[in-house]
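Colleague: This is the structure, below, for whatever I ask next.
The values are calculated or read from the model by the stated rules, or taken from the named source; none is laboratory data. Predicted model only: the values in this text are computed from it and were never measured. Cβ sites come from the backbone with ideal geometry, for glycine too, and all protein chains shown count toward neighbours. For accessibility, only protein heavy atoms count, side chains too; no ligands or nucleic acids. Shrake-Rupley method; radii C 1.70, N 1.55, O 1.52, S 1.80 Å.
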Amino acid sequence: MTLDEMDERLLTLLRDDARQTIAQLAKELGTSRGQIYSRLARLEEANVVAGYTVRLGDAFIASRIRAHLMIKSQPRLHRDVEQALAHFPQVQAIHAISGEYDMIIMIEADDTVQLNELLDEIGMIDGVQHTVTSLILATKLER
């Protein structure tokens, strides 16, 4: 599906605040509510917009320890490692990547004690060869 400038602007507005009303979106984009309904239906049908979600507030996020964990795994055990990681509720995302490491996972913990225990558990997964953890100090932009 090819997106035009209006689609791109609509997606940007929705990323900023998916709870905006159709009327607000139409006003911001200088078009009719019917046009917004049609565009959203088309974007949803094409699976460009797969859903609407909650974005956590700054105060809550500041109370959490968040990190990126790069993992190098044994080639024959990539899928097993991914499946094992998916069982941890602290794992927010798993991304396959190119380069020296095979994946980056995004993790959240209540505190450094929970983070340390989680890192130990992940390191013990059969197939995990090496990990590198980077704590997220601040998020400058997230859409």
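Colleague: Along the charge dipole of the chain, which of 32, 135, 123 sits closest to the positive end, that is, farthest toward it, with unit charges on the beta carbon of Lys, Arg, Asp and Glu (+1, +1, -1, -1)?
Modeller: The residue sitting farthest along the positive end of the dipole is 32.
Colleague: For segment 12-83, what does the relative contact order come out to in percent, with C-alpha contacts under 8 Å and a separation of six or more? Present the calculation step by step, with values, prior to reporting the outcome.
Modeller: Details: 20 pairs, mean separation 11.7, N = 72.
That works out to 16 percent.
Colleague: At 222 nm, what helix-only mean residue ellipticity would the chain give, in deg cm²/dmol to the nearest 500, using -39500 (n - 2.57) for each DSSP H run of four or more?
Modeller: Values: 6 runs with 59 residues, N = 143.
My calculation for the chain gives -12000 deg cm²/dmol from helical runs alone.
Colleague: For segment 1-74, compute Rh as the Kirkwood radius over C-alpha pairs and then the Stokes-Einstein diffusion coefficient at 37 °C and 0.692 mPa s; write the answer in µm²/s, rounded to an integer.
Modeller: In µm²/s, the coefficient is 224.
Colleague: Further question on the same structure: Which three extents, in whole angstrom, do the alpha-carbon atoms of segment 81-143 cover along their principal axes, largest first?
Modeller: Extents along the principal axes, in whole Å: 34, 30, 19.
Colleague: Whenever you get a sec, compute what percent of the accessible area on the chain sits on carbon and sulfur atoms (1.4 Å probe). Each step should come with its number before you reach the end.
Modeller: Values: 4740 of 9720 Å².
Of all accessible area on the chain, carbon and sulfur atoms account for 49 percent.
Colleague: How many Å² of accessible area per residue for segment 1-76, probe 1.4 Å?
Modeller: Working: 5210 Å² over 76 residues.
Ligands and nucleic acids excluded, the result is 69 Å² per residue.
Colleague: Using only the Cα atoms of the chain, each taken as one equal point scatterer with no solvent, compute I(q) by the Debye sum, divide by I(0), and report log10 of the ratio at q = 0.13, 0.15, 0.21 Å⁻¹.
Modeller: At q = 0.13, 0.15, 0.21 Å⁻¹ the computed log10 ratios are -0.75, -0.87, -1.16.
Colleague: What full-extension length gain, to one decimal in nm, is calculated for residue 92 and residue 18 as 0.36 nm per residue of separation minus the Cα-Cα distance? Write down the numbers at each step before the final one.
Modeller: Details: separation 74, 0.36 × 74 = 26.64 nm, distance 2.00 nm.
Roughly 24.6 nm would be gained on extension.
Colleague: Percent relative contact order of the chain, based on C-alpha pairs within less than 8 angstrom and at least six residues apart? Before the final figure, lay out each step's value.
Modeller: Values: 150 pairs, mean separation 35.7, N = 143.
Relative contact order of the chain: 25 percent.
Colleague: Now a separate question. Within segment 1-18, whose backbone N sits under 14 Å from a point 7 Å along Cα→Cβ of residue 52?
Modeller: 11, 13-18
Colleague: Follow-up question, since we're still on this one. Just to confirm my numbers, what's the Cα centroid distance between segment 34-70 and segment 113-130 in Å?
Modeller: A separation of 29 Å, based on Cα centres.
Colleague: When the chain is fully extended, how far beyond the present Cα-Cα distance does residue 124 get from residue 45, taking 0.36 nm per residue of separation? Don't skip to the end; give the middle numbers.
Modeller: Numbers: separation 79, 0.36 × 79 = 28.44 nm, distance 4.18 nm.
Gain on extension, residue 124 to residue 45, equals 24.3 nm.
Colleague: Roughly how big is segment 1-101's charge dipole about its Cα centre, with Cβ charges of +1 (Lys, Arg) and -1 (Asp, Glu), in debye to the nearest 20? Let's see the in-between values first.
Modeller: Values: 13 positive and 13 negative charges, 58 e Å.
My answer is approximately 280 debye.
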